[in-house]
Structures are given as C-alpha cells and as structure tokens.
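Just so you know, all these numbers are worked out from the coordinates, no wet-lab data involved. All figures in this text were calculated on a predicted structure; none of them were measured in a lab. Cβ: placed from backbone, ideal geometry, glycine included. Neighbour counts: every protein chain shown.
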Amino acid sequence: VYFFSEDVKYTLKNKTAIRNWIRDTIFAEGYQLEELNFILCSDEYLLVINKQYLDHDTYTDVITFDNSEELKTILGDIFIS
C-alpha cells in the first residue's frame with residue numbers, strides 16, 4: 001500500500017496505521033494484496049483522468065483502476081480528489 005500526491009500538497013498523517021488497517025481488511029476479506037496505490041490529487045487532475053480514461057466530462061471525487069489479473073488479488077490505483 002503506497003500513498004502519493006499529484007498536483008496537491010498534502011501530507012497524510014498516520015500512514016503506517018492506515019496502511020496496516022487496509023492490509024488487515026484485505027486479508028480479512030480473503031484477498032491477497034499485490035499492490036494498491038492511493039493518489040491524492042486536485043479536482044482538475046482527476047477531471048483530466050475522468051475525460052481521458054472514462055470519457056466523462058464531469059468532476060468526481062474518486063476513480064479506481066483495477067489492474068488485477070487473478071481472482072482474489074488486489075492490484076490497482078485509487079485516485080482521490
């Protein structure tokens with residue numbers, strides 16, 4: 001579990017506790033964790049992604065990309081505005 005920021009200055013507090021909670025939740029649900037990226041970004045940054053990948057010309061709060069190739073495996077990106 002990794003945390004990034006794009007186009008914003010934001011420092012996530014308690015990263016270790018949040019990372020552990022996410023991992024524990026994934027395992028408790030019977031999934032394996034390969035990689036999960038959280039990208040914190042501006043509204044405008046997410047709007048560009050929404051247009052480019054989903055062909056939506058609207059603002060949104062969250063966009064997820066599931067890159068998993070195997071069942072019960074988590075590999076993806078979560079963009080949060």
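General observations
- Sparse-neighbour loop sites [chymotrypsin sites (Phe, Trp or Tyr not before Pro); the range 1-77; at most 12 other C-beta within 10 Å; DSSP]: TYR10, TYR59
- Candidates GLU34, GLU44, GLU70: whichever shows maximal mean-square fluctuation once the chain is modelled as a Gaussian network with Cα springs under 10 Å: GLU70
- Angle between the chain longest axis and helix 15-28 axis [Cα atoms, degrees, rounded to 10]: 60
- Here's how it looks for PHE3: its modeled amide H is under 5 Å from those of PHE38, which are all 5 or more places away or on a different chain.
- Tail fraction, Cα-Cα pairs, the chain, threshold 23 Å, whole percent: 28
- Full-extension gain in nm, ARG19 to THR73, via 0.36 nm per residue minus C-alpha separation: 17.8 nm
- Comparing LEU46, LEU71, LEU33 in a Gaussian network model of the chain, where Cα atoms under 10 Å apart are tied by springs, the biggest mean-square fluctuation is seen for LEU71.
- ³J(HN,Hα), Karplus 6.51/-1.76/1.60, whole Hz, each residue of the range 31-43, x for Gly, Pro: 9, 9, 9, 8, 6, 9, 10, 9, 10, 8, 8, 7, 4
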